[in-house]
Amino acid sequence: MKYGIYYAYWETQWEADYCLYVDKVARLGFDALEIGAKPLPDYTKDQINALRSCAKANGIVLTAGYGPSFDHNMGSSDKKIRENAHEWFQRLFAVMGELDIHHLGGALYSYWPIDFTKPIDKEEDWKYSIEGMRVMAELAKPYDITLGMEVLNRFENHLLNTAKEGVRFVKEVDKENVKIMLDTFHMNIEEDSMADAIRTVGDQLCHFHTGECNRKVPGQGRMPWREIGAALREVGFDGYAVMEPFVRRGGQIEKDIHIWRELRAGITDEMLDREAAEALQFEKEMFEQ
Ligand SMILES: [Mn+2]
């Protein structure tokens, strides 16, 4: 297993100067940095070259995450939105190819954060999403990109809430580069058993997000890490375990993640760095023995 962290731990917006974080996570001992896909389609040649070279120079693998905006929903029932999404993801994958990024994960089958004040038709959305992911899979294929369908809790989406639903969905999509992504934060709300959920996904698990029930870094809560680690070893997971903590208030991230209180008193960058490094050691202890 290899270890990464999402840049957004330190930030308050869904985009940043990722080179800064490549350098930081390399110093902290991580193998990978997960970046937000949002700004990538509009990157200039210079931005692409700078990010690719700093990742190479630091020996850091980049992975990408995205919660598609309403108009980037490939599973929309609105043809105009699907066309717009098609064009956007096409540009995204071309840039990802240049950046040597081979994994994109998130609620790619829908949009995020979802607006539950609008009518919800799960069966109809499911059908459009299956079609949308088949198209997205073909767009991603030339760049050797795997798409991780992230299973989310009921408050954030309605399509894939459990590992079982994820498996059913991916089977129906039936594309080699469309797989499943689990996240301990969401699993904690929906799954009867953390280990069973991981076993249910088995070799279809392409990416794994870690975080405590309140999204603090692993080791600061009550998640059953040893059970999770044993199940990951049992299914032979050899992808990236990427921690996705959110503790810092402010910006669009506070709004979308619902951070309404100080999760850690007196947060500074130094403190976040130290706690990320500690969490990395903790994860290795939990996952590797
Ligand atoms: Mn996640």
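Within the range 153-197, the residues that satisfy the criterion of being within 16 Å of the ligand (Cβ to nearest atom), of a type in the set (Val, Ile, Thr) and part of a helix (DSSP H, G or I) are Thr184, Ile189.
Among the residues of the range 1-33, those identified as touching a helix residue (DSSP H, G or I) at 6+ places or on another chain (Cβ under 7 Å), under 26 Å from Phe89 (Cβ atoms) and within 16 Å of the ligand (Cβ to nearest atom) are Ile5, Tyr7, Ala8, Tyr9, Glu11, Trp14, Leu33. Being of a type outside the set (A, V, I, L, M) and in contact with a helix residue (DSSP H, G or I) (Cβ under 9 Å, 6 or more places away or on another chain) holds for only one residue in Arg264, Arg249, and it is Arg264.
Given (1) under 30 Å from Ala277 (Cβ atoms); (2) surrounded by 18 or more Cβ atoms within 10 Å (Cβ to Cβ), where does Arg222 come up short, assuming only one miss? Among (1) under 30 Å from Ala277 (Cβ atoms); (2) surrounded by 18 or more Cβ atoms within 10 Å (Cβ to Cβ), Arg222 violates only (2). Within the range 116-129, is there a residue that is over 22 Å from His209 (Cα atoms), touching an Asp or Glu at 6+ places or on another chain (Cβ under 8 Å) and assigned to a helix (DSSP H, G or I)? Checked the range 116-129: no residue is over 22 Å from His209 (Cα atoms), touching an Asp or Glu at 6+ places or on another chain (Cβ under 8 Å) and assigned to a helix (DSSP H, G or I).
Could you please let me know if Pro142 is in contact (Cβ under 8 Å) with a residue 24 or more places away in the chain, within 16 Å of the ligand (Cβ to nearest atom) and of a type outside the set (A, V, I, L, M)? Taking the combined requirement at face value, the residue does not satisfy it.
No value in this document is a laboratory result; all are computed from the given coordinates. Everything quoted here is computed from the prediction, not taken from an experiment. All Cβ positions, even for glycine, are placed from backbone atoms using ideal geometry, and neighbour counts span all protein chains on display.
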